[in-house]
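**Student:** Take a look at the following structure, please.
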Amino acid sequence: MIVKQRAYEAKEALLMPALYAAQREHGWMSPEAMKSVARALDLPPATVKGFATFYDMFRKKPVGKHVIQLCTNVTCILSGSEDLLSMLSDKFGIAPNETTTDGRFSLVAMECIGACGTAPAMIVNTDFYENLTKESIFSILENYK
Amino acid sequence: MITITINGKKIKLNKPVTILEAARKSGIHIPTLCDHPMLEPFGGCRLCLVEIEKMPKLQASCTQQVTDGMVVWTETEKVVEARRAMLEFLLVNHPLDCPYCDKAGECDLQDNTMKYGPAIGRFKEGKRKHPECYDDPIIVTNMERCILCSRCIRMCSDVQGADAITITNRGNKSYVEPFSGGRFDCEYCGNCITVCPVGSLMSRLHKHTYRPWYIEKEVETICSFCGVGCSFVAQIRGDSIVRVETRPDLGLNKGLLCVKGRFGFDYTVSSARLKSPLIERNGGLKQTTWAEALSHAAGKLKEVKEKYGPAAIGAIASGLCTNEDNYALQRLMRSVIGANNIDSTTGFFYGPAQRFFEDIFGQGATLNPMQGITNSDGVFVIGADPSAVTPVLGLQVRAASRKGIPVVTVGHMSGLKRFATCSLNPDAFSEPALLNMLISGLMKKRPVCGENIFFEDIIKKFMLSTSDNISDACGLGKSDIDKAVDELNLMTNPAILIGRQVVQRSDASVLLLQLSVLIYLLNGRIYLISELPNDQGLVDMGCQPDTLPGGRPVFSDSMRKRYEDSYGAEIPSAQGMRLMEMIQAAHEGKLKALYVMGENLLLNLPDTGYVKEALLKLELLVVQDTLMNETAELAHVVLPACSWPEAEGSYTNFEGRMQHVKKAVHGEAMEGWKIISEIAKIIGVDWDFLTVVDILAELTKVSPVHKGITYSEMDSGNCLWPYNGEPLRDIAKDFVLPDTKLIKREKCSGRSYLSADQQLFHSGTIGRNSSALNLLMPASYARIGSALNEKLSVKTGDTASISSGVKSAELDVIIDPDIKGMMVFVPNTAADKGALSFMKWSMNKDFKNPALDGNEIEISKLRSKAEEVAA
Ligand code: SF4
Ligand code: SF4
Ligand code: SF4
Ligand code: FES
């Protein structure tokens, strides 16, 4: 793993970016991924695990090729994200936190992603989409093969 | 002066403390769940809320500092209401399974709920479910009960420094877990169990075997594993110790323990426990009566003495035995047998190291109080990893490091890796070259000051020739040396911790002299890493071939006379044989009888094959021990002695603190000192020792340093060197400069050397009989580094074959990337595969101890773990 320890005074400060890098490589926060971060930063593995499991955006289990993270917090729900969620579930045959059998998509019901003004919103992998409608959501997902 | 009022009571304080501390000091109880005296204030549970006049809101007393004139109420209606509310929240997820929970009866949550709380909550939602976890052999976790006070986490990170556990996830789903989620794979100190206020972290060893209120007796005593001498309370039910508990204010360990002290005590009830005397008959050991065993041992001793003279008899003392036992053995040898042939494995490291430093710096130079480590401004560690062999001492080094004190370590030290500001890991056996560079670097920055002309003369004579090629000399870079010198130069009164590896080698005197120079230059205080509970006591009791009790030299007529008068017998003036000399003498047929007390020679001596040959040649081998072992199997008479919790006595720890070891349970065997005095009586000398009090009384009369010591003084916890006695002073004039030519070694690269691994979970001799400790380290192994593994290409768990000049065996391999070069570390815990059994030795000419350096071995891959599973 390539993480340079430059601008950071304490190793802990580097933990979040290191975990992201590890997740990019390993796909999720596998024990090996957490251990490699611990080794790279010379931090106790348990400390790394505490961090990694605290944040929802670090995956606790393997995910598909693309991760659909649909916000299901108050504003998005009021703007119809619950319907969108059940549509996605029906279409791909998976419940939230599950992965399609072909490994293409994982579906995640997210807490607030800070887009209340343009709700409903979702993040696919690291791409952000807002003002979603029943139509737009599927055409967006078409781009993720 | 600060004056505050709590519940109407005026309290005067010299310095600002927290309200909680002030209340505790004046005997006012405030309930807490997250605060603990062994931890820093946290302010998480809000149970300690109190009302402070002129403050609108309730305040957490564990974090709120007192100010002058503050008026505090701890049990007002408002406070009680708030506590009830906090408890209701805590119980939202708590299973309230008290009838099934081992903590019931000593649970802070239970007690506080009983006092303040509603036992029923208003939440309709179900409680979280998380099954009790039995993945770990020692620690059971029940996370349904956890109140997330984080005491365990803070203990493990901030005090123990193991950082083995964490709170995973978030909110409702937060659980305390080790990295694996199941097995802890940690240092197993159990200190997290001590601080958990509820039944979330518990010892599996006594799970569901009793209730706290079934404890019939509590005995404050001293741990029997290492030279730190931690205090704890042994809890007794029937005639066995069910658990050991600590108190935050008890002993020098202040509530902390290590894995051996906390979980290892069950060696005293292992199946290897000796209960009745055995005598050798027709080639086997048979049970016999005390009368027969004692009279056989005594009769044979007398016979050998008459036939071959007293010098044909030797005795081995033990740092595992009490002062009283060691004193009695010394008296038997000197006054009844009439020989100074008494030594022990303490003479391999602790004894000679202490003597060396005392010769230079005066008697007692190595006896310094433990808290000096965290109060110093630097720590230098060499020769052993204190966090493995003397774990609570290791914690002091970690605490010093946490305070920002520079810590310099020399050698492979896994336990201090994250705590050293500078870890120097030189090539095998190149420590003298490294120390040379450190000293000359330091002397450039800090010239000698003329304080001790005598010693400075020695320093000048002791020419330091530093090699230009640093990497060639010790395998380190110039920047490493410079950094270390800079760190050392910051120190003005550092703690210098010295362990075994420094002395068990052929150039020990060079290293010790170098260390003395370093100590002198740095104005350091010496701490010897004492591996046995009574290394110091054994030395003080005169169980060395050249010293009498109190450290008086045996060759001094005036001093010897004092003991002769008291014993009514003549003591030979010539120094007796050292342990390895006795073994050699036995091998040559010159030593005819050996009395071994509490020592397994076939585990703790090098080249055990040779030792065994020597023992087999003896006309009489008496083994007095608590556990059956390989040495006892060869004995003519085996005398079962009381084990550590079964007899009264005392240990003297590495600080020179004498501590009272109390009888906690009844044992079937006989006290060690009593066995010895019975033998003396049969030979014809009656000592009139009825209890240990008589022995201590005699010791305090004959030994000038031990004047007037009593067990109650020991109980006060402050029976510290130099007691009320007269230490020897000013012997430095006699100091003879050892041969300080650096040994030329062939370049070690490419060869593998064997070293004894320092094991946290094991103490060898007694530890291997603890079923609890054996759960953690079931078998012997070979730990190797990456460099060696490039050659071997094995994986952890694979089996390798290891052979030295004297022995070959198979061992499973553990890969440890921190090990430098080609070293192979094998623990000395199993007699058949212990590190020492592979080792050749040579007699160190200065200390007459076995030098173990340069033990080359062959290691090769035998089979991989996968193959084994398939087969
Ligand atoms: S037993 Fe000791 S090292 Fe292990 S988790 Fe508990 S506190 Fe940490
Ligand atoms: S396990 Fe015990 S000590 Fe640790 S957070 Fe939970 S209740 Fe507190
Ligand atoms: S540090 Fe030593 S004395 Fe203390 S508990 Fe551990 S083994 Fe016992
Ligand atoms: S004890 Fe004060 S907040 Fe927990």
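The values are calculated or read from the model by the stated rules, or taken from the named source; none is laboratory data. Since we're looking at a predicted model, the values are computed, not measured. Cβ coordinates were reconstructed from backbone atoms using ideal geometry, including for glycine residues, and neighbour counts include every protein chain displayed. Surface areas here come from the heavy atoms of the whole protein model, side chains and all, with no ligands, DNA or RNA. Shrake-Rupley method; radii C 1.70, N 1.55, O 1.52, S 1.80 Å.
**Student:** Quick one: A:Ala52 ticks every box in (1) assigned to a helix (DSSP H, G or I); (2) over 15 Å from the mean Cα position of the chain (by Cα); (3) within 14 Å of chain B (Cβ to nearest Cβ) except a single one, so which number is it?
**Tutor:** Condition not satisfied by A:Ala52: (2).
**Student:** Which residues, taken from the range B:149-166, are among the aliphatic types (A, V, I, L, M) and within 16 Å of ligand 4 (Cβ to nearest atom)?
**Tutor:** In the first step, residues of the range B:149-166 are kept if they are among the aliphatic types (A, V, I, L, M); the result is B:153, B:155, B:159, B:162, B:164-165.
Matches in the range B:149-166: B:Ile153, B:Met155.
**Student:** Is it the case, given these coordinates, that B:Asp136 is closer than 21 Å to A:Met29 by Cβ, away from ligand 3 (no atom under 16 Å from the Cβ), outside any helix (DSSP H, G or I) and under 25 Å from the mean Cα position of the chain (by Cα)?
**Tutor:** no
**Student:** Given (1) touching a Cys at 6+ places or on another chain (Cβ under 7 Å); (2) within 13 Å of chain A (Cβ to nearest Cβ), identify the lone condition not met by B:Cys223.
**Tutor:** (2)
**Student:** Turning to a different aspect of this structure: May I ask you to list the residues in the range B:635-668 that are surrounded by 23 or more Cβ atoms within 10 Å (Cβ to Cβ) and part of a loop (DSSP other than H, G, I, E, B)?
**Tutor:** B:Ala635, B:Cys642, B:Ser643, B:Ala647, B:Asn653, B:Phe654, B:Glu655, B:Ala664
**Student:** Might you let me know whether the range B:237-252 holds any residue that is in contact with a strand residue (DSSP E or B) (Cβ under 9 Å, 6 or more places away or on another chain) and among the acidic types (Asp, Glu)?
**Tutor:** yes
**Student:** Also: For the range B:275-293, enumerate the residues that are touching a residue at least 12 places away in the same chain (Cβ under 8 Å) and open to solvent by 10 Å² or more (accessible area, probe 1.4 Å).
**Tutor:** Within the range B:275-293, B:Lys275, B:Ser276, B:Leu278, B:Glu280, B:Leu285, B:Thr288, B:Thr289, B:Trp290, B:Glu292 meet the criteria.
**Student:** Let me ask something additional. In the range B:783-839, how many are assigned to a loop (DSSP other than H, G, I, E, B), surrounded by 15 or more Cβ atoms within 10 Å (Cβ to Cβ) and touching a helix residue (DSSP H, G or I) at 6+ places or on another chain (Cβ under 8 Å)?
**Tutor:** Residues flagged as assigned to a loop (DSSP other than H, G, I, E, B), surrounded by 15 or more Cβ atoms within 10 Å (Cβ to Cβ) and touching a helix residue (DSSP H, G or I) at 6+ places or on another chain (Cβ under 8 Å) within the range B:783-839 amount to 15.
**Student:** Would you call B:Asn112 away from chain A (no Cβ under 14 Å), open to solvent by less than 50 Å² (accessible area, probe 1.4 Å) and more than 16 Å from ligand 1 (Cβ to nearest atom)?
**Tutor:** yes
**Student:** Also, quick follow-up: B:Ile153 passes all but one of (1) at pLDDT below 95; (2) within 13 Å of ligand 2 (Cβ to nearest atom); which number fails?
**Tutor:** If we test B:Ile153 against (1) at pLDDT below 95; (2) within 13 Å of ligand 2 (Cβ to nearest atom), just (1) comes out false.
**Student:** Here's a follow-up. Looking at the range A:60-73, can you tell me whether even one residue there is within 14 Å of another protein chain (Cβ to nearest Cβ) and open to solvent by 30 Å² or more (accessible area, probe 1.4 Å)? Talk me through it step by step, then tell me what you get.
**Tutor:** Kept after step one, since they are within 14 Å of another protein chain (Cβ to nearest Cβ), are these residues of the range A:60-73: A:60-61.
Then drop every residue that is not open to solvent by 30 Å² or more (accessible area, probe 1.4 Å), which leaves A:60-61.
Scanning the range A:60-73, I find at least one residue that is within 14 Å of another protein chain (Cβ to nearest Cβ) and open to solvent by 30 Å² or more (accessible area, probe 1.4 Å), so the answer is yes.
**Student:** So, in the range A:37-49, how many residues would count as being open to solvent by 60 Å² or more (accessible area, probe 1.4 Å) and part of a helix (DSSP H, G or I)?
**Tutor:** Of the residues in that region, 1 qualify.
**Student:** For the range B:155-173, give me the residue count where each residue is more than 9 Å from every other protein chain (Cβ to nearest Cβ) and under 27 Å from the mean Cα position of the chain (by Cα).
**Tutor:** Count: 5.
**Student:** Looking at the range B:164-185 only, could you name the residues that are within 14 Å of ligand 2 (Cβ to nearest atom), closer than 23 Å to B:Arg402 by Cβ and not small (Gly, Ala, Ser)?
**Tutor:** B:Ile165, B:Thr166, B:Ile167, B:Val176, B:Pro178, B:Phe184 - these are the residues of the range B:164-185 that are within 14 Å of ligand 2 (Cβ to nearest atom), closer than 23 Å to B:Arg402 by Cβ and not small (Gly, Ala, Ser).
**Student:** Spot the failing condition for B:Lys173; the list is (1) more than 16 Å from ligand 3 (Cβ to nearest atom); (2) open to solvent by 30 Å² or more (accessible area, probe 1.4 Å); (3) at pLDDT 95 or above, and only one is missed.
**Tutor:** Going through the list (1) more than 16 Å from ligand 3 (Cβ to nearest atom); (2) open to solvent by 30 Å² or more (accessible area, probe 1.4 Å); (3) at pLDDT 95 or above, B:Lys173 breaks only (3).
**Student:** So which of A:Met34, A:Met29 is assigned to a helix (DSSP H, G or I) and within 12 Å of chain B (Cβ to nearest Cβ)?
**Tutor:** On inspection, the qualifying residue turns out to be A:Met34.
**Student:** Could you please find all residues in the range B:25-42 being open to solvent by 20 Å² or more (accessible area, probe 1.4 Å), over 34 Å from the mean Cα position of the chain (by Cα) and either within 11 Å of ligand 4 (Cβ to nearest atom) or over 20 Å from B:Leu250 (Cα atoms) (or both)?
**Tutor:** B:Ile28
So that you can scan it fast, the table gives a plain yes or no per residue for (1) assigned by TED's automatic domain parsing to the domain that holds B:Cys192; (2) open to solvent by less than 20 Å² (accessible area, probe 1.4 Å):
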{"residue": "B:Val72", "(1), (2)": "no, yes"}
{"residue": "B:Met86", "(1), (2)": "no, no"}
{"residue": "B:Cys107", "(1), (2)": "yes, yes"}
{"residue": "B:Gly126", "(1), (2)": "yes, no"}
{"residue": "B:His130", "(1), (2)": "yes, no"}
{"residue": "B:Tyr134", "(1), (2)": "yes, no"}
{"residue": "B:Ile138", "(1), (2)": "yes, yes"}
{"residue": "B:Met155", "(1), (2)": "yes, yes"}
{"residue": "B:Val159", "(1), (2)": "yes, no"}
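**Student:** Still on this structure: Checking B:Val693 against (1) outside any loop (DSSP other than H, G, I, E, B); (2) out of contact with any helix residue (DSSP H, G or I) (no Cβ under 8 Å at 6 or more places or on another chain); (3) open to solvent by 20 Å² or more (accessible area, probe 1.4 Å), only one condition comes out false. Which one?
**Tutor:** In the conditions (1) outside any loop (DSSP other than H, G, I, E, B); (2) out of contact with any helix residue (DSSP H, G or I) (no Cβ under 8 Å at 6 or more places or on another chain); (3) open to solvent by 20 Å² or more (accessible area, probe 1.4 Å), B:Val693 misses (2) alone.
**Student:** Give the residues of the range A:85-128 that are assigned to a loop (DSSP other than H, G, I, E, B), within 13 Å of the chain's Cα centre (by Cα) and without any contact (Cβ under 8 Å) to a residue 40 or more places away in the chain, sorted by residue number. Give the derivation first.
**Tutor:** Step one: list which residues in the range A:85-128 are assigned to a loop (DSSP other than H, G, I, E, B), which gives A:93-98, A:100-104, A:111-115, A:119-121, A:125-126.
If we keep only those that are within 13 Å of the chain's Cα centre (by Cα) as well, we get A:96-98, A:111-113, A:125-126.
Within the range A:85-128, A:Pro96, A:Asn97, A:Glu98, A:Thr126 meet the criteria.
**Student:** Let me ask you something else. Kindly check whether there is at least one residue in the range B:69-81 that is within 16 Å of ligand 3 (Cβ to nearest atom) and under 20 Å from B:Val17 (Cα atoms).
**Tutor:** Within the range B:69-81, not a single residue is within 16 Å of ligand 3 (Cβ to nearest atom) and under 20 Å from B:Val17 (Cα atoms).
**Student:** Would you pick out the residues in the range B:174-220 that are charged (D, E, K, R), within 14 Å of another protein chain (Cβ to nearest Cβ) and touching a helix residue (DSSP H, G or I) at 6+ places or on another chain (Cβ under 9 Å)?
**Tutor:** Matches in the range B:174-220: B:Glu177, B:Glu187.
**Student:** Take the residues in the range B:207-229 that are without any contact (Cβ under 8 Å) to a residue 60 or more places away in the chain and open to solvent by 50 Å² or more (accessible area, probe 1.4 Å); name whichever of them is nearest to ligand 3 (Cβ to nearest atom).
**Tutor:** Checked the range B:207-229; the qualifying residue nearest to ligand 3 (Cβ to nearest atom) is B:Glu218.
**Student:** Follow-up question, since we're still on this one. Please determine whether any residue of the range B:397-407 is closer than 30 Å to B:Met843 by Cβ and out of contact with any Cys (no Cβ under 7 Å at 6 or more places or on another chain).
**Tutor:** No: zero hits.
**Student:** Conditions: (1) more than 16 Å from ligand 2 (Cβ to nearest atom); (2) open to solvent by less than 10 Å² (accessible area, probe 1.4 Å); (3) of a type outside the set (Val, Ile, Thr). B:Glu53 meets all but one. Number of the miss?
**Tutor:** Result: B:Glu53 fails condition (2) only.
**Student:** Against the conditions (1) open to solvent by less than 30 Å² (accessible area, probe 1.4 Å); (2) within 14 Å of another protein chain (Cβ to nearest Cβ); (3) in a strand (DSSP E or B), where does B:Phe232 fall short? Just the number, please.
**Tutor:** B:Phe232 satisfies every listed condition except (2).
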